[in-house]
Amino acid sequence: MKVDYLVAEIGSTTTLVTAFNTDYDEKGQIFVHIPFQGKSCTTVLEGDVTIGLKNAVKDIEKQIQEPLIWKKMLATSSAAGGLRITVHGLMEQMTVKAAREAALGAGGIIKMVTAGKMRKSDLKRIHEINPNMIMIAGGTDYGERETALYNAELISQEKFNKPIVYCGNIENREEIKEIFEGQEIYVIDNVYPRIDMLNVEPARKIIQEAFEKNIILAPGMNKIKEMVNGGIMPTPGAVMESSKVLYEIIGDLVVVDVGGATTDVHSVTEGSSVILDMLINPEPKAKRTVEGDLGVFINSKNVIDLLDIRDLGELTKEYIEEHIKPIPIEEEDVNASRMLTKKAIEVGIDRHVGFIKRKYEGESGFVAYGKDLSLVKHIIGTGGALTRLPKGEDLLLGIRYLKDEVTMLPKKGAKVILDKNYIMACAGVLSRENKEVARALLIQSLGITEDMN
C-alpha cells in the first residue's frame with residue numbers, strides 16, 4: 001500500500017506510527033482517509049530508535065497484509081529524556097517567566113531556572129543537568145543590560161557545547177554574538193520587550209528548529225534521518241501546534257494530556273476583558289504547563305498521595321496502589337486508573353489556571369494572576385489515560401465552574417471532545433509541512449466542524 005504520510009510519535013516507552021492518504025471530496029476540500037496505526041516499544045536504549053520505528057511499521061503491514069510505502073515521513077519525539085532546557089533571566093515574574101513560557105510551549109522540559117546574576121554553583125548544576133539547550137533572557141528592550149551580558153560571559157566560558165538561545169534586551173545583540181563567537185548561538189526577538197507584553201512565538205520557533213538540528217545527536221537517535229525525510233518536533237510542542245490549529249477552527253480551548261509520567265495542560269485563549277483589566281502580569285495566548293509529578297503509572301505514587309477521603313470514598317490508598325497497571329484491563333484496575341486520572345486533571349488544571357485576589361492596600365477591588373480560561377469553549381482530552389479509559393468525557397466535565405461568579409476556570413457551557421484516534425501530536429508536526437492536511441486530519445479525527453466556533 002502506498003500512503004502520502006507516515007507520522008511517528010517516538011515516546012519514552014512506546015513508538016506509535018500513523019499512516020494515511022489524502023484526497024479531495026466533492027466540494028474540492030482536503031479529505032483524509034481513515035488512518036492506520038501501528039505501535040512498538042521504543043528502542044532508544046538499544047542505541048537505535050529506527051528498530052522500534054520499523055517494528056511499528058511492520059505492525060501496520062501485518063494489519064493490511066501488504067508492504068507499506070510512504071512519500072513523506074515525519075516524527076515527534078520525547079525519547080532520550082525529551083528537550084531539556086535551562087532558563088536564565090533577570091526577574092522571576094518578568095523575563096524569566098517569559099522565557100519559561102516560550103520553552104514550555106515549544107515542548108521543552110524546564111530543568112533549571114535562575115533569576116539575576118548567576119553563581120559558580122549554577123554553572124555546576126548546568127553541567128550536572130546536561131541540557132539540550134540553554135536560554136538567556138533579561139531586560140526589556142532598551143532597559144537593563146548588564147545581567148544578561150554577565151550571565152552570557154559565564155556560560156560562554158564554560159564551553160557547554162550546547163545551542164544557546166538569547167531572547168533578551170535587543171541592545172545586547174552584538175555583544176552576545178561576540179561573546180558566543182564560534183559557538184551555536186541563536187539571537188532572536190526579546191521574549192519580554194515591554195512590561196505589559198510577552199513575545200514568545202519567535203523563541204518557540206527557534207527552539208523547535210534547534211531541536212530538529214540537534215535531536216540526531218541524542219543517544220539512539222543518530223539514525224533517525226535514515227527513515228524520517230520530513231520534520232522532527234518535540235512531542236509536547238507538536239501538541240501545542242495542534243492546539244493552535246484547533247483554536248482557528250473552534251475557538252478558545254484547553255487541552256489536557258494525562259500520561260503515565262506527566263500531565264500536560266495546553267490552552268489557547270486571550271481570556272475575558274474583565275480578567276484582563278485585573279491582570280497583574282501578562283500571559284501568553286498559547287500557554288503550556290507540565291506537571292512532572294502527575295502521572296497515572298510511573299508517577300502514580302505522587303497522585304495517590306494527593307487523594308483524600310472525598311476521592312477515595314470507602315477505598316484505601318493501599319488498595320488503589322495495588323491496582324495500578326500500565327495497561328489496566330480488569331474492572332478494579334480500570335477504576336483505580338480512572339481515580340488517578342481524575343485527580344491528575346484536577347491538580348493539573350488548578351496549577352495551570354490563574355486566580356483572583358481581593359486588594360487589601362490602597363483602592364478596593366480585585367487583582368488577577370495567571371491564565372484565564374473562562375472563555376474556553378472546548379475542553380479536549382488526549383493522552384493514553386483519557387483516550388483509552390472509559391468515560392473520559394465525564395472526567396473532563398468536572399473541571400468546569402458551574403456557578404455564576406467571576407472565575408478563571410472554564411464555565412458550564414464548555415463542551416468536551418476526546419482525541420480518540422490519538423493524533424494531536426501527529427497533526428501538530430504535520431501542520432508545519434501542510435497545514436491544510438493537518439486541519440482536515442483534526443476535523444475528521446475529533447469529529448468537529450467549522451461552525452463550532
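What the table below lists for this structure:
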quantity	calculated
In sequence order, calculated HN-Hα J values of segment 88-96 (Karplus, 6.51, -1.76, 1.60; Hz; x Gly/Pro)	9, x, 9, 10, 4, 8, 10, 5, 5
Cα-based Rg / Dmax (Å) for segment 235-420	17.2, 59
FRET efficiency, MET112 to THR449 (Cβ-Cβ, R0 56 Å, nearest 0.05)	0.80
Per-residue [θ]222 nm for the chain (sum of -39500 (n - 2.57) over DSSP H runs n ≥ 4, rounded to 500)	-10500 deg cm²/dmol
Cross-link partners of LYS72 among aspartates and glutamates (Cα-Cα below 16 Å; sequence separation of 8 or more within a chain)	ASP4, GLU9, ASP23, GLU226, GLU433, GLU436
Label-point separation in nm, LYS317 to LEU276, each point 7 Å along Cα→Cβ	4.4 nm
Share antiparallel - DSSP beta bridges, segment 83-217, percent rounded to 5	5 percent
Segment MET197-ILE34, length gained on full extension (0.36 nm per residue, minus Cα span)	54.4 nm
Net charge contributed by nearby residues that have their C-beta within less than 13 Å of ILE34 (K/R +1, D/E -1)	0
Beta bridge orientation in segment 235-420: antiparallel %, DSSP, nearest 5	55 percent
Estimated FRET transfer efficiency when R0 is 60 angstrom, pair GLU393-GLU178 (beta carbons, to 0.05)	0.60
For TYR186, residues with placed amide H under 5 Å, excluding near neighbours	ILE164, VAL165, TYR166
Cα-derived Rg over Rh, computed across segment 406-453 with Rh taken as Kirkwood radius	1.08
Estimated D of the chain in µm² per second, where Rh is the Kirkwood radius over Cα pairs and Stokes-Einstein applies at 25 °C, 0.890 mPa s	106 µm²/s
Inter-label distance for ARG358 and GLU332, nm, one decimal - labels placed 7 Å from Cα along Cα-to-Cβ	4.9 nm
Estimated FRET transfer efficiency (ILE64, VAL406; beta-carbon r; R0 56 Å; 0.05)	0.55
Built amide H within the under 5 Å cut-off of PHE366, gap 5+	LYS359
Cα-based convex hull volume of segment 363-453 per residue, rounded to whole Å³	141 Å³
Nitroxide proxy distance, nm - points 7 Å out along Cα→Cβ at HIS127 and ASP141	3.9 nm
Segment 217-227 - phi-based ³J(HN,Hα) in whole Hz, Karplus 6.51/-1.76/1.60, Gly and Pro as x	8, 5, x, x, 9, 5, 9, 4, 6, 5, 10
Tail fraction, Cα-Cα pairs, segment 79-204, threshold 26 Å, whole percent	9 percent
For segment 20-26, Karplus couplings with θ = phi - 60° (6.51, -1.76, 1.60), whole Hz, Gly/Pro x	7, 10, 10, 8, 10, 7, 5
Rounded if a/c under 1.5, otherwise prolate or oblate - segment 192-329, Cα gyration tensor axes	oblate
Qualifying lysines (Cα of each under 16 Å from Cα of LYS317; at least 8 residues distant if same chain)	LYS301, LYS325, LYS342, LYS343
Among beta bridges that DSSP assigns inside the chain, antiparallel share in %, nearest 5	45 percent
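Values in this text are rule-based calculations from the coordinates and carry no lab data. Everything numeric in this text was worked out from a predicted model, so none of it was measured. Cβ atoms come from the backbone with ideal geometry, glycine included; neighbour counts cover every protein chain shown.
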